[in-house]
Amino acid sequence: MKITQVLLTPNAYSRPQKLLRKVTHIVIHWVGNPGNTAMANCNYFESLKEGNTYASAHYIVGLQGEIIQCIPESELAYHAGPANSYSIGIENCHPDQGGKFNSATYVSLVSLCANICRRYGLNPEEALLRHYDITGKMCPKYYVEHPIAWKQLQEDVKKVLDILEEDQVLVDAVKALISAGIQLDLKIWGNTKTMKLTYVKQMIERIGKKYDCASYKETIDFLVSKDCIKVREPWDEEKFKAEWCRQVLINVKEKLLK
């Protein structure tokens, strides 16, 4: 997920530089201007420094999935009235007046929300709000008119968040094995989506070497005895799956590297 910072000039109307003391919610908006770009909306917020309208958002997600950050998360933005003091605001571009986000915008929005939820320890099903939920404004229009689609968006953020949290557990396990002298490549083993299963036998043998096991089979015996492998048949048959590898790495960290 790439985020481009185009921070607004500090000013009273769109970037007051007031401290955002807590983040408990994420407020989702639509820009209300069909076909408009993220950069155009950022420029609009910048132009408010010359006027008397208060408006801004922390992020704007564009029609190509681009993400522009206008306000640092440590600062308050003017996007949702009473929720400004405890929320991060995300504006979203849309192709037509119906207000439904296209797939590129939707995917980036979901990823951004999951990332924010992860960093602040938020539950998407509680933390994600529509502007409508706070002030009654018809924003974001499509997701006010289609509450099932809004619920799906919350669920999709939760799914991505679960993957991020799962991967962090795995990354922590691999880092622990590397620190213990077991030569594992974080790029290969830190994510179930990128695990190269052709290297699984080599991974097991390297773990075994740490514990004086002379062969792959002896290492499997050892890992079974230490309850790091629950079902040994797939390992004997060398029928590997990424999720099983993930669990072995985590078990080795938790059961052997205490």
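Just so you know, in the stretch 138-159 the residues that are β-branched (Val, Ile, Thr) and over 14 Å from CYS113 (Cβ atoms) include one that is least open to solvent (accessible area, probe 1.4 Å), and it is VAL144.
In this structure, GLU73 does not satisfy being in a strand (DSSP E or B), within 19 Å of PRO16 (Cβ to Cβ) and of a type in the set (D, E, K, R). Scanning the stretch 131-149 for residues that are among the small types (Gly, Ala, Ser) and in a helix (DSSP H, G or I) turns up just one, ALA149. Among the residues of the stretch 177-191, those that are open to solvent by less than 30 Å² (accessible area, probe 1.4 Å) and assigned to a helix (DSSP H, G or I) comprise LEU177, ILE188, TRP189.
Need the failing condition index for SER111 against (1) at pLDDT 95 or above; (2) open to solvent by 20 Å² or more (accessible area, probe 1.4 Å); (3) part of a helix (DSSP H, G or I), just the number. Among (1) at pLDDT 95 or above; (2) open to solvent by 20 Å² or more (accessible area, probe 1.4 Å); (3) part of a helix (DSSP H, G or I), the lone unmet condition for SER111 is (1). Applying a threshold of 6 Å to beta carbon distances and a minimum spacing of six or more residues, or different chains, the list of pairs starting in the stretch 109-127 at a residue that is among the polar types (S, T, N, Q) and ending at one that is open to solvent by 10 Å² or more (accessible area, probe 1.4 Å) reads SER111/MET1. Take the residues in the stretch 116-132 that are surrounded by 17 or more Cβ atoms within 10 Å (Cβ to Cβ) and out of contact with any Lys or Arg (no Cβ under 7 Å at 6 or more places or on another chain); name whichever of them is nearest to GLU165 (Cα to Cα). Across the stretch 116-132, the extreme among qualifying residues is CYS117. The residue list ASP227, ASP167 contains one member that is more than 30 Å from ASN84 (Cα to Cα), touching a residue at least 12 places away in the same chain (Cβ under 8 Å) and open to solvent by 50 Å² or more (accessible area, probe 1.4 Å), which is ASP227.
In summary, SER215 fulfils each of the numbered conditions (1) in contact with a helix residue (DSSP H, G or I) (Cβ under 8 Å, 6 or more places away or on another chain); (2) free of Cβ contacts under 8 Å to residues at least 12 places away in the same chain; (3) at positive phi with the single exception of condition (3). Among the criteria (1) closer than 13 Å to CYS93 by Cβ; (2) open to solvent by less than 50 Å² (accessible area, probe 1.4 Å), the one THR37 does not fulfil is (2).
Mind listing just one residue for me: the one in the stretch 207-258 that is of a type outside the set (D, E, K, R), in a loop (DSSP other than H, G, I, E, B) and over 26 Å from LYS187 (Cα atoms) and, of those, modelled with the lowest pLDDT? For the stretch 207-258, the residue satisfying everything is VAL231. Looking at THR135, THR198, THR194, just one residue is at pLDDT 95 or above, exposed (fewer than 15 other Cβ atoms within 10 Å of the Cβ) and of a type in the set (Ser, Thr, Tyr), and that residue is THR135.
Hey, among VAL200, VAL174, VAL157, which residue is touching a strand residue (DSSP E or B) at 6+ places or on another chain (Cβ under 8 Å), assigned to a helix (DSSP H, G or I) and of a type in the set (A, V, I, L, M, F, W, C)? Outline the logic, then answer.
Numbers: VAL200 fails: touching a strand residue (DSSP E or B) at 6+ places or on another chain (Cβ under 8 Å); VAL174 fails: touching a strand residue (DSSP E or B) at 6+ places or on another chain (Cβ under 8 Å).
Result of the check over VAL200, VAL174, VAL157: VAL157.
Restricted to the stretch 154-191, and to residues there that are under 20 Å from the mean Cα position of the chain (by Cα), at pLDDT 90 or above and not hydrophobic (A, V, I, L, M, F, W, C), the residue that is nearest to PHE240 (Cα to Cα) is ASP172. Residue pairs whose Cβ atoms lie under 7 Å apart, separated by 6 or more positions or on different chains, with the first residue in the stretch 36-65 and closer than 22 Å to LEU112 by Cα and the second open to solvent by 40 Å² or more (accessible area, probe 1.4 Å) and charged (D, E, K, R), are ALA38/GLU66.
The values are calculated or read from the model by the stated rules, or taken from the named source; none is laboratory data. These numbers were taken from a predicted model, which means no experiment stands behind them. Cβ atoms come from the backbone with ideal geometry, glycine included; neighbour counts cover every protein chain shown. Please note that ligands, DNA and RNA were not included when accessible areas were found on the heavy atoms of the full protein model with its side chains. Shrake-Rupley method; radii C 1.70, N 1.55, O 1.52, S 1.80 Å.
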